[in-house]
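Data first, discussion second: the structure below is written as structure tokens.
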Amino acid sequence: MSLFSRRPFLDRTASWLEQSGLHPLLARLFAARGIVSPEELSLDLKQLLSPTGLKNCLSTATLLADILERQEPMLVVADYDCDGATACAVAVRGLKMLGGANTAIEFLVPNRFTMGYGLTPEVVELAAQQNPKPKYLITVDNGIASEAGVDRARELGMEVIVTDHHLPGDRLPNALAIVNPNQPVCPFPSKALAGVGVMFYLLIALRAELRKRGKFTITSQPKIENLLDLVALGTVADVAQLDRNNRILVSNGLKRIRSEVSQAGILALFQVAARDYRKANAFDLGFAIGPRLNAAGRLADMTLGIRLLLTDQTEQALELAQELDRINRERRVIETGMQAEAFAHLAEDQLADKMTSHSSICLWNPEWHQGVVGIVASRLKERFNRPAIVFAPADSTSGGLEKELRGSGRSITGFHLRDALDIVSKREPGLILKFGGHAMAAGLTIRKSDFEKFDGLFQEVADELLNDELLERRHIHDGSLSLSEFTPEIGDLLAAEIWGQGFPQPIFFGEFEVGQQSLMKEKHLRLQLRPVGDGQLASKPFTGVWFNRTQLLPAKAKLAYRLVTDRYQGQARVQLMIEAHDESVPN
């Protein structure tokens, strides 16, 4: 049974925000998301936290300034997801802008299928073969757990500068410098920076250092804020917590996209996704643009995505974006098959009927693709409200002959996934060959022969850390809308704001009369809904869509939904995206 509850807020806070000029509905929504004063509503770039509080940021900027002056070759080592790709593009573009135009600044992104995650010794060996051989390796969105890789780099005569945001292990790598808000004793107030945000902050500090050295003035300095569209994309796609600092970054990045002063690659991705960049919002970045960029790292090579983000040629950008769109369609086909197999497996094991006695889900299949396991884990987590880890052979082309499995996990609120894996690794040393991640997402490698043992131990930890309250599916909503608020203008108002992880998109809850119902593509429910408000029935029905739902609704239903504006042939219409049905209410 699902539980529905309204997100609380203080009326006086909402009134105060409304008096500052905010729309009454937004005032209520913002008050419920922790905004307590009108001053917090400003997302001006000048309100960004200073890089002075980010541990090692200023000293690393000084180091980079020296490297640029000496024109010593650098190699940016990226992660293979959207955050890593955008962080790489920000690093390469930013360093070139800040004096590295005549310096060898190249990039390398590991192949996830052959080299694994992060700055591994294998990646370092490959880096050392570059021409010219880099003197410095700069990691973006990785490196905090790369002890062996950093040591190998030094053996080969290269120093490593780590920029990352992931949680560190028990020991830090012996790098020349580490910039990471989540490293020990870092006083930076925002721990939510994505990898691309960390790199952007380092560029801010580097520009200030070069300004001190007289390289340029405040008026002639390079505009690294031109990179904020990349920062916004990486931050949203990585599902980073949207605290105020990240909302400032995302808001200003979206402004650039809407004004068509964005990177050619991002505008090309909007084009192939059939999205209007002039109305770009965080939802577009997270669900249309980010997945197409991520597809390269999942099925092919993220080099393709980074090339897209680095080109300034419109035609080349469109060609690369079209290739990413093709790869993304292929990813969807693979994902659909894996997801169906996963659900079928759970049904065969009768796990779906016994979820009250299972606190976690672990699955693997010799035919599954390791590039898509994270998405399937997310689908399982959403369906069963349990932390889920899905594994595939370390070499997806081996037909299951590999001895290692690589897994990707997704978690639920209240269960810190990386910490749970750390507990498992300490209880059974050597069981997990390597792991890393966050509270809500993590990756790991185990031996295929150890899957059953890992499954049992992870289940034990989940049983200890989770309780019935956390395992109960909860839908937090923002109350009801009045009948007068079911308008395209309200949909546009909501779409223009910055919503995401930690600052959730508004979900409303209300009663509806349900009219005609039909299925789209045999798997999505389309229906006509007439809202009821204050005992009154709306004069006209609105179209509702419930993705991945085939079961019809009763004639009257209480629904949780998002209100969006749908535009077709120049006409703006309200559309309701259904999220849940309160089945406890008698019809």
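Looking at the stretch 167-211, which of its residues are among the basic types (Lys, Arg) and free of Cβ contacts under 8 Å to residues at least 60 places away in the same chain?
Step one: of the stretch 167-211, the residues among the basic types (Lys, Arg) are 171, 191, 207, 211.
Correct list: Arg171, Lys191, Arg211.
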Where Thr52 falls short, out of the listed (1) more than 23 Å from the chain's Cα centre (by Cα); (2) closer than 21 Å to Arg307 by Cβ; (3) surrounded by fewer than 20 Cβ atoms within 10 Å (Cβ to Cβ); (4) not acidic (Asp, Glu): (2)
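Looking at the stretch 265-273, is at least one residue in contact with a helix residue (DSSP H, G or I) (Cβ under 9 Å, 6 or more places away or on another chain), polar (S, T, N, Q) and under 16 Å from Gln316 (Cβ atoms)? Outline the logic, then answer.
Start the filter on the stretch 265-273 by keeping residues that are in contact with a helix residue (DSSP H, G or I) (Cβ under 9 Å, 6 or more places away or on another chain), which leaves 265-273.
Among the residues that remain, those that are also polar (S, T, N, Q) are: 271.
With the extra rule that they be under 16 Å from Gln316 (Cβ atoms), the set shrinks to 271.
Yes - at least one qualifying residue is present in the stretch 265-273.
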Options Ala420, Ala394: the member that is more than 20 Å from Phe547 (Cα to Cα), crowded, with 20+ Cβ neighbours inside 10 Å and at pLDDT below 90: Ala394
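Taking the stretch 174-183, which residues are of a type outside the set (Val, Ile, Thr) and in a strand (DSSP E or B)?
First, pick out the residues of the stretch 174-183 that are of a type outside the set (Val, Ile, Thr): 174-177, 180-183.
Within the stretch 174-183, just Ala177 meets the criteria.
Which of the following residues is acidic (Asp, Glu) and more than 26 Å from Leu68 (Cα to Cα): Asp229, Asp238?
Values: Asp229 fails: more than 26 Å from Leu68 (Cα to Cα).
Criteria check complete, one pass: Asp238.
Can you tell me which residue among Asp66, Asp141, Asp164 is out of contact with any Pro (no Cβ under 8 Å at 6 or more places or on another chain), acidic (Asp, Glu) and without any contact (Cβ under 8 Å) to a residue 24 or more places away in the chain? Steps first, please.
Working: Asp141 fails: without any contact (Cβ under 8 Å) to a residue 24 or more places away in the chain; Asp164 fails: without any contact (Cβ under 8 Å) to a residue 24 or more places away in the chain.
When all the criteria are applied, what remains is Asp66.
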Ala295, sole failed condition from (1) buried (at least 24 other Cβ atoms within 10 Å of the Cβ); (2) in contact with a strand residue (DSSP E or B) (Cβ under 9 Å, 6 or more places away or on another chain): (2)
Selection status of Gly100, over 25 Å from Gly371 (Cβ atoms) and modelled with pLDDT under 95: yes
Subset of the stretch 156-173 [within 15 Å of Leu193 (Cα to Cα) and assigned to a strand (DSSP E or B)]: Val162, Thr163
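Just the residues that are in a helix (DSSP H, G or I) and either farther than 14 Å from Gly100 by Cα or small (Gly, Ala, Ser) (or both), please, taken from the stretch 64-85. Outline the logic, then answer.
First pass over the stretch 64-85, keeping only residues in a helix (DSSP H, G or I): 64-70, 82-85.
Within the stretch 64-85, Ala65, Cys82, Asp83, Gly84, Ala85 meet the criteria.
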Residue match in the stretch 281-299 (condition: under 30 Å from Tyr568 (Cβ atoms) and not in a helix (DSSP H, G or I)): yes
The one condition in (1) out of contact with any Ser or Thr (no Cβ under 7 Å at 6 or more places or on another chain); (2) within 30 Å of Arg427 (Cα to Cα) that Ser518 fails to fulfil: (2)
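The values are calculated or read from the model by the stated rules, or taken from the named source; none is laboratory data. Just so it is clear, the structure is predicted and the values come from calculations on it, not from any experiment. Virtual Cβ from ideal backbone geometry, glycine too; neighbours counted across all protein chains shown.
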